[in-house]
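Down below is the structure, laid out as structure tokens.
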Amino acid sequence: MKVEAIEFVMKYETYVEEIEAVVRPEFKPVIQKMLEIDPHDLIRPESYFEHESHAEGFVWKIFMKEAKKEGLIE
């Protein structure tokens, strides 16, 4: 199922909360930082994801990048 940009923006917080539900507590600062991100800044209005799993993977990629910045993973 295709995920349009507006749908991604609306679901972004849910995607982050899904990550929060499965990661260790020491990642809480990364989750908080991600919740401060305006999802409008992550995707252009004409963009879309081919499948919802791609949108979720995109958010996971952001999580991994932020966790590396914080020195929580290598």
| field | Among the candidates E36, E18, residue that is surrounded by fewer than 11 Cβ atoms within 10 Å (Cβ to Cβ) and modelled with pLDDT of 95 or more | value | E36
| remark: Residue set E36, E26, E20; condition of a type outside the set (V, I, T) and in contact (Cβ under 8 Å) with a residue 24 or more places away in the chain; output residue E26
| request: Give the stretch 40-51 a look and list any residue that's in contact with a helix residue (DSSP H, G or I) (Cβ under 8 Å, 6 or more places away or on another chain) and either at pLDDT below 95 or surrounded by fewer than 18 Cβ atoms within 10 Å (Cβ to Cβ) (or both), or say none. | output: H40, L42, R44, P45, E46, S47, Y48
| field | Filtered residue count, the stretch 12-53, keeping only those that are in a loop (DSSP other than H, G, I, E, B) and not charged (D, E, K, R) | value | 9
| message | Being assigned to a helix (DSSP H, G or I) and either among the charged types (D, E, K, R) or loosely packed, with under 15 Cβ neighbours inside 10 Å (or both) is the filter here; which residues of the stretch 61-74 pass it? | response | K61, M64, K65, E66, K68, K69
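The values are calculated or read from the model by the stated rules, or taken from the named source; none is laboratory data. Note that the structure is a prediction, hence the values are computed from the model and not measured. Here Cβ is always computed from backbone atoms with ideal geometry, including for glycine, and neighbour counts include all displayed protein chains.
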